[in-house]
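One structure is given below, encoded as structure tokens.
Values in this text are rule-based calculations from the coordinates and carry no lab data. Worth saying up front: this structure is predicted, and the values here are computed from it rather than measured. Here Cβ is always computed from backbone atoms with ideal geometry, including for glycine, and neighbour counts include all displayed protein chains.
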Amino acid sequence: MPELPASGRVAVFDAPNAPFRLTDYPLRPPLPGEVLVRVRMSTICRSDIHSYQGHRPSPCPGLLGHEIVGDIVALGEGVHADLRDTPLTVGDRITWSEYFVPGRNYFREVLDLPQKSPGVDKYGHMSADTPPHHHGGFAEYCYVRPDSWLLRLPDELSDAEATPINCGVATMCAVIEAADVRIGDTVVIQGLGLLGLYGAALAKARGASRVIGIDRVDTRRALAGRFGVDTAVTPDGVPDIARGADVVIEVCGDPGVLAAGLDLLRVGGRYVLAGLVSPGARAEFDANLVVRKLLTLTGVHNYHPRHLVQALDFIIAQRQRYPFGELVDGLYPLTEIDRAMADAAACRVLRAAIVP
């Protein structure tokens, strides 16, 4: 194993909305089942912003960042291949699941819901004081913990195309599956951030005949047509063709849109919620509509490991059709993480990326 540096730099936030603090934590050889990677890129997810702003529980001092790609620096004992049994070696570029599961349990083995296992933990969601300290993307290094799912990345994918795969793309694979998008469906997407744009492209790949996107941000609506959205409108300008939709997908994080979403669905329609990840997202709507219209209302949080594989395959298959790399439109060194977070929170960029 190559000699490791003594330490690596991480960006820590000590309190919500406080400036990030750059500090060094020691590095050690990976334990059995672990992989140590040198972070190439970590994008700022909307949930990172919610955590940083104090809208969702997050330990402080905290280390954020879970959309990550990196190069393998060292492999722990017993790690030989990725999720597809592709051999792994030092220098390979990989991505991995945004969460790891602490052993076997009923949710994982019987219910097939490893993402909701008791004690499951996520990269970029732990205290920076928790060993091995390097467990988030806003850092130079990251330890990929045992019971994570790894994928070796093909050389043709750019870092910008690959980095959102393990959160944004995989999550939307789970959403589209839950929505049961079918050939000929009309799909309405509430929110045209990164998730919404991936969702539109995935819906078209599943055979949706029409995708209607709703967002208040002008630049997002202007971009949407390049990712499969046929009509992009503001919440006040929803066209008549959206009424009677087969599927509505919420990825805007605003509980106030639920009433409008239920109203748009046809009898027997499907509504999937995936953006309401902050506690206290209370909504008021006419539950009578769910009953009388025979609607299916589903929540999606995290994803199954199969969705990680599907996400990678989807990006590889569709990268010539959709300019996925352009979605990561702001690159920042680790030293400029405060500016990156501010730009991401203010929607000055669609997806900011930390490039240590």
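Run the helix sum for the chain: -39,500 (n - 2.57) per DSSP H stretch of 4+ residues, divided by residue count, reported at 222 nm to the nearest 500 deg cm²/dmol.
The helix contribution divided over the chain gives -6000 deg cm²/dmol.
Would you report the distance distribution of C-alpha pairs in the stretch 209-272 as whole percents per 5 angstrom bin, up to the bin with the largest distance?
4, 17, 30, 28, 17, 4, 1
What does the charge count near Asp112 come to, summing +1 for each Lys or Arg and -1 for each Asp or Glu among other residues with Cβ under 14 Å from its Cβ?
+2
Provide, as a two-decimal number, the C-alpha radius of gyration of the stretch 1-132 over 2.2 N^0.38 Å, N being how many residues it has.
Normalised Rg, Cα atoms only: 1.13.
Given points 7 Å out from each Cα along the Cα-Cβ axis, report the Arg292 to Asp85 separation in nanometres with one decimal.
5.5 nm
Out of Gly62, Leu27, Pro131, whose Cα points farthest toward the positive end of the dipole of the chain (charges: +1 Lys, Arg; -1 Asp, Glu; placed on Cβ)?
The Cα lying farthest towards the positive end belongs to Gly62.
Which of the listed residues, Gln310, Pro279, Tyr332, is farthest toward the dipole's positive end in the stretch 272-356, when Lys, Arg count +1 and Asp, Glu count -1 at the beta-carbon?
Gln310
To the nearest 0.05, what FRET efficiency results for Ser127 and Glu77 with a Förster distance of 25 Å applied to their C-beta separation?
It comes out at approximately 0.40.
Normalised by the number of residues in the stretch 267-340, what is the relative contact order in percent for Cα pairs under 8 Å and 6+ residues apart?
31 percent
Rounded to the nearest 20 debye, what is the charge dipole size of the chain about its Cα centre when +1 sits on each Lys and Arg Cβ and -1 on each Asp and Glu Cβ?
Values: 35 positive and 42 negative charges, 143 e Å.
Dipole magnitude for the chain comes out near 680 debye.
Among Val290, Val79, Val69, what is the fewest-to-most ranking by other Cβ atoms within 10 Å? List each step's numbers first, then the result.
Details: Val290 15, Val79 18, Val69 27.
If I rank by nearby Cβ atoms, fewest first, I get Val290, Val79, Val69.
By how many nm would the segment from Ala283 to Ile183 grow when fully extended, if each residue of separation counts as 0.36 nm and the alpha-carbon distance is taken off?
Between Ala283 and Ile183, full extension yields an extra 32.9 nm.
Scan the chain and note any complete DSSP helix (H) whose C-alpha atoms cover at least 15 Å along its axis and whose Kyte-Doolittle average is 0.0 or more.
Helices passing the filter in the chain: 168-179, 194-205, 305-318.
Assign one of three labels to the stretch 189-245, namely rounded, prolate or oblate, based on the Cα gyration tensor with a ≥ b ≥ c the square roots of its eigenvalues; rounded applies when a/c is under 1.5, prolate when it is not and a/b is larger than b/c, and oblate otherwise.
oblate
Note down the magnitude of the dipole of the stretch 169-299 about its Cα centre, charges +1 on Lys and Arg C-beta and -1 on Asp and Glu C-beta and zero elsewhere, to the nearest 20 debye.
So the magnitude is around 260 debye.
Under a Cβ-Cβ cut-off of 14 Å, what is the net charge of the residues other than Leu334 that fall near it, where Lys and Arg count +1 and Asp and Glu count -1?
With Lys, Arg at +1 and Asp, Glu at -1, the net is +1.
Treating only the Cα positions of the stretch 169-299 as identical point scatterers, give the base-10 log of I(q)/I(0) from the Debye formula at each q in 0.11 Å⁻¹.
For the stretch 169-299 at q = 0.11 Å⁻¹, log10 I(q)/I(0) is -0.31.
Under a GNM of the chain (C-alpha, springs under 10 Å), which listed residue has the highest mean-square fluctuation: Lys293, Lys204, Lys122?
Lys293
Of the candidates Asp14, Asp159, Asp85, which one comes out as most mobile in a Gaussian network treatment of the chain with C-alpha springs shorter than 10 Å?
For the chain, modelled as a Gaussian network with Cα springs under 10 Å, the answer is Asp85.
Could you put Ser278, Ser148 in order, starting from the residue whose Cβ has the fewest other Cβ atoms within 10 Å?
Fewest-to-most ranking of Ser278, Ser148: Ser278, Ser148.
Output needed: percent of Cα pairs per 10 Å distance bin for the stretch 60-103, bins running from 0 to the one holding the longest distance.
P(r) for the stretch 60-103, in whole percents per bin: 21, 50, 25, 4.
Rounded to the nearest Å, what's the spacing between the alpha carbon centres of the stretch 17-90 and the stretch 242-304? Just the number, please.
33 Å
Would you compute, for the Cα atoms of the chain, the largest minus smallest coordinate along each principal axis and list the three values in descending order, in whole Å?
Principal extents (largest minus smallest coordinate, Cα): 63, 41, 39 Å.
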